[in-house]
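J.: What follows is a single structure, and I will ask about it in a moment.
The values are calculated or read from the model by the stated rules, or taken from the named source; none is laboratory data. Being a predicted model, the structure only gives us computed values, none of them experimental. Cβ: placed from backbone, ideal geometry, glycine included. Neighbour counts: every protein chain shown. With ligands, DNA and RNA removed, areas are computed over all heavy atoms of the protein, side chains included. Shrake-Rupley method; radii C 1.70, N 1.55, O 1.52, S 1.80 Å.
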Amino acid sequence: KLHSDLDKGVGTVKYTLSGDGAGTVFTIDETTGDIHAIRSLDREEKPFYTLRAQAVDVDTKKPLEPESEFIIKVQDINDNEPKFLDGPYVASVPEMSPVGAYVLQVKATDADDPTYGNSARVVYSILQGQPYFSIDPKTGIIRTALPNMDREVKEQYQVLIQAKDMGGQLGGLAGTTTVNITLTDVNDNPPRFPKSIFHLKVPESSHVGSAIGRIRAVDPDFGKNAEIEYNIVPGDGGNLFDITTDENTQEGVIKLKKPLDFETKKAYTFKVEASNLHLDHRFHSVGPFKDTATVKINVLDMDEPPVFSKPMYTMEVYEDTPVGTIIGAVTAQDLDAGSSSVRYFIDWKNDVDSYFTIDATEGTIATNELLDRESTAQYNFSIIASKVSNPLLTSKVNVIINVLDVNEFPPEISVPYETSVCENAKPGQVIQTVTAADKDLSPAGQRFSFRLSVEASNKPNFTVHDYRNNTAGIETRRNGYSRRQQELYFLPVVIEDSSYPVQSSTNTMTIRVCRCDSDGTILSCNVEAIFLPVGLSTGALIAILLCIVILLVIVVLYVALRRQKKKDTLMTSKEDIRDNIIHYDDEGGGEEDTQAFDIGALRNPKVIEDNKIRRDIKPDTLRFPRQRPPVEDNTDIRDFINQRLQENDVDPTAPPYDSLATYAYEGNGSVAESLSSIDSLTTEADQDYDYLSDWGPRFKILADMFGEEESYNPDKVT
């Protein structure tokens, strides 16, 4: 309620209200100043309101007093129950935990005012989950209430927790939440076999490494605590089997390590031990975490193929053994209870040449063709044995036959077959050491002997010295040899081996007589060297050859210098050589004589170029018909002839006499037409040769000869 001292109760004062909630939450009576709440208040929504009030004159609308501010507080009542904001909860605790083991802490929140009364004071309690768990009323910590809770008995627990305000008193509000608690596994249980004896039946034909059975031990634990390792306890029959663990099913898989044979042993008995891989030391006192069981395996009889007495057969036979000779035998038996006969045959896939045959009943192997060790030293093929009662059951074995050597080849001298001896050799001098080779497969300790043939042993030239170690030396028996008398000697050497039968061969060695120095170094073995002067040494011969070469070089240089000197004398003038007069003081032989004078004087030094190969043909005596040139002018042939004239004028290798140049070109419409008299229709009197004077200085003589018709000389020709 608001009241102003100036309010006399006559209605002249008006009260106004402003601030938080004015007009919406609170209202004021303008006449009396009473303040009323016009809707419900919630402290948890807004705990207080700040308002301003003022008294105003009704008539003048002016404030009678300054504006005053006041606060309205909302008083709390217990209208909110505790709430678990994080619920429901999930927790876990290891099994077999002691009493009081921490599990989880829960917390409830009360929106009421904790400073006013007990509205926000919360107390925790368990409504469901006893007697397994307990909770602290003040802190909300949940702990185990029973010892040795076993996961294998019960794994999941659901606990209902209550939080009540007003300190848990009657009339307080309460909230609940659920806590799901799981017992985690520990290795507190050893593996156990469900039975003490396991019986397995295994066919004797089972392959090595195959699984023949499974056994399983039960471990109630979970995860890695339930992992089991199986082992075979050493004892009867355990060495034939092995056991491994199937990681998915934790079963023990028994596998075969060695082949089974019903006829040898029909049953095996051994023990298998199952143990945990991951042990927990807290539970060692419970007892050993392993268990054992007995496994009995009965071998089942199966119809099996024959069995050979050996895994492989090796036989030997001499080459050239007669066809049909038995060289060995193979044996296979049917070891089943009802023994069956066995038949043998060769696997032709490996013996396409069929060098051998086998007796189908006895298994004896004989030759089918003549054998040659030098062609094939070893044969490798397979023999197949099958049961008569069941031909589909077969077994195979490898047979190796080594072909033994028969001494059929004589020994021969290893290369070389040719040697040399010095002319100045002394008696007893070894000029060559020889060895022998034999195409036969020589046995250990094979010995070769060397000697001269009977016809050569009587000659006093050479001898053979056998060193008794499969080598021999060729020795001289004379004091010196002469190439002039005999250049080559042929020495027959007989070689014998020590095998049976003894084989021998005569090998002819060629011995060449050579000229050597005093140290025995060969100087020459050529036939031409025989005819050289005996008193000249190699050094003297070389000196003579050098002198001859030097003399030849001097002569060549002298001739070259003389020719160069003549060229320099003729080429000293700067003017054209053709403008000078040369005096020889002798008479030449005419234009055809090219040896009477040096043609270098006719060369133009200004146009000397590299030598050009020119094919000149000295003209024979020809008779040219006189022919009048045509009136028409062919510029192509004129250009071609002018080009050739220019090339001949500047050619330094051109001879001084007129010549016939061969041109591989035939023009069309030549001014001079054909020079041949063939098909000529005009006579010599009809020809006009004045045009020859236009062809240059080289054709001047020709123009002069044909220019005068009455003085035509048939002996001159171009």
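J.: Of all trypsin sites (Lys or Arg not before Pro) in the range 88-197, which ones are in loop regions per DSSP and have a Cβ with at most 11 other Cβ atoms within 10 Å? Show your work: numbers first, answer last.
T.: Working: sites: Lys107, Arg121, Lys138, Arg143, Arg151, Lys154, Lys164, Arg192, Lys195; in loops: Lys107, Arg121, Lys138, Arg151, Lys154, Lys195.
Those satisfying the criteria are Lys138, Lys154, Lys195.
J.: How many angstrom separate the Cα center of the range 107-170 from the Cα center of the range 230-302?
T.: Cα centres, the range 107-170 to the range 230-302: 52 Å.
J.: Taking the Cβ of Ile228 as the centre, find all other residues whose Cβ is under 13 Å away and add up their charges (Lys, Arg: +1; Asp, Glu: -1). Mind showing how you got there, number by number?
T.: Details: positive: Arg192, Arg214, Arg216, Lys224, Lys290; negative: Asp219, Asp221, Glu227, Glu229, Asp246, Glu247, Glu251, Glu273, Asp291.
For residues surrounding Ile228, the net value is -4.
J.: Of Asp303, Asp221, which has the most accessible area and how do the rest follow, probe 1.4 Å? Each step should come with its number before you reach the end.
T.: Working: Asp303 85, Asp221 10 Å².
Output order, biggest surface exposure first: Asp303, Asp221.
J.: Turning to a different aspect of this structure: Which cross-chain or sequence-distant (5 or more) residues have an amide H under 5 Å from the amide H of Met315, H modelled 1.01 Å from N in plane?
T.: Ile400, Ile401, Asn402
J.: Read phi for every residue in the range 93-98 and hand back ³J(HN,Hα) as whole Hz from Karplus 6.51 cos²θ - 1.76 cosθ + 1.60, θ = phi - 60°, with x for Gly and Pro.
T.: These are the phi-based 3J(HN,Hα) values: 8, x, 5, 6, 6, x Hz.
J.: Working with all protein chains in place, sort Trp348, Trp695 by solvent-accessible area computed with a 1.4 Å probe, largest first. Each step should come with its number before you reach the end.
T.: Details: Trp348 130, Trp695 75 Å².
Result of the area sort, largest leading: Trp348, Trp695.
J.: Right, something else. Can you give the accessible area of Glu319 in Å² (nearest 10), computed on protein heavy atoms with a 1.4 Å probe?
T.: Surface open to solvent at Glu319 totals about 10 Å².
J.: Quick check for you: which residues of the range 360-404 have the amide N under 15 Å from the point 7 Å beyond the Cα of Thr325 toward its beta carbon?
T.: Output list for this probe position: 365-374, 401-404.
J.: Please list, in order along the range 542-551, the HN-Hα scalar couplings obtained from phi with the Karplus expression 6.51 cos²θ - 1.76 cosθ + 1.60 (θ = phi - 60°), rounded to whole Hz, x for Gly and Pro.
T.: Running phi through 6.51 cos²θ - 1.76 cosθ + 1.60 with θ = phi - 60° gives 5, 5, 4, 5, 5, 5, 4, 5, 5, 4 Hz.
J.: Using DSSP to define loop residues, name the trypsin sites (Lys or Arg not before Pro) in the range 454-488 whose beta-carbon has at most 15 other beta-carbon atoms within 10 Å.
T.: Details: sites: Arg468, Arg477, Arg478, Arg483, Arg484; in loops: Arg468, Arg477, Arg478, Arg483, Arg484.
Taking the range 454-488 and a limit of 15 other Cβ atoms within 10 Å, the loop trypsin sites (Lys or Arg not before Pro) found are Arg468, Arg477, Arg478, Arg484.
J.: Same structure, new question: Quick check: residue separation of Ser395 and Thr376 times 0.36 nm, minus the Cα distance between them. What number comes out in nm?
T.: Numbers: separation 19, 0.36 × 19 = 6.84 nm, distance 2.73 nm.
This chain segment gains 4.1 nm when fully extended.
J.: What Kirkwood hydrodynamic radius do you get for the range 428-497 when you take the inverse of the mean 1/r over all pairs of distinct Cα atoms, in Å?
T.: Roughly 13.5 Å, rounded to one decimal.
J.: If amide hydrogens are placed 1.01 Å from N in the peptide plane, which non-local residues have theirs closer than 5 Å to the one on Thr331?
T.: Those qualifying (amide H under 5 Å, at least 5 residues apart or on another chain) are Ser309, Lys310.
J.: Considering only protein heavy atoms, what is the solvent-accessible area of Leu41 at a probe of 1.4 Å, reported in Å² to the nearest 10?
T.: About 70 Å², rounded to the nearest 10.
J.: A further question follows. For Glu647, Glu316, give the ranking by accessible area with the largest first, probe 1.4 Å. Mind showing how you got there, number by number?
T.: Working: Glu647 80, Glu316 115 Å².
Solvent-accessible surface, decreasing: Glu316, Glu647.
J.: Each residue of the range 342-348 in order: what ³J(HN,Hα) in whole Hz does its phi give by Karplus 6.51 cos²θ - 1.76 cosθ + 1.60, θ = phi - 60°, with x for Gly and Pro?
T.: 10, 10, 10, 7, 8, 6, 5
J.: Moving on to the next point. List the equivalent ellipsoid semi-axes of the range 307-404 in whole Å, largest first, each obtained as the square root of 5λ for an eigenvalue λ of the Cα gyration tensor. Mind showing how you got there, number by number?
T.: Numbers: eigenvalues 142, 26, 26 Å².
Its equivalent ellipsoid spans semi-axes of 27, 11, 11 Å.
J.: Compute, for Thr331, the solvent-accessible surface of its heavy atoms (probe 1.4 Å) with the complete set of protein chains present, and express it in square angstrom to the nearest 10.
T.: 70 Å²
J.: If you keep only loop residues by DSSP, which trypsin sites (Lys or Arg not before Pro) in the range 1-105 have at most 11 other Cβ atoms within 10 Å of their Cβ? Mind dumping the intermediate values first?
T.: Details: sites: Lys1, Lys8, Lys14, Arg39, Arg43, Arg52, Lys61, Lys73, Lys83; in loops: Lys1, Lys8, Arg39, Arg43, Lys61.
Here the trypsin sites (Lys or Arg not before Pro) that fit, given the DSSP loop and packing criteria, are Lys1, Lys8, Arg39, Lys61.
J.: Given Lys201/Lys310; Lys266/Lys349; Lys107/Lys224; Lys201/Lys396; Lys224/Lys271, which pairs have Cα atoms separated by over 32 Å?
T.: Values: Lys201/Lys310 30 Å; Lys266/Lys349 38 Å; Lys107/Lys224 35 Å; Lys201/Lys396 29 Å; Lys224/Lys271 25 Å.
Checking Cα-Cα distances, Lys266/Lys349; Lys107/Lys224 exceed 32 Å.
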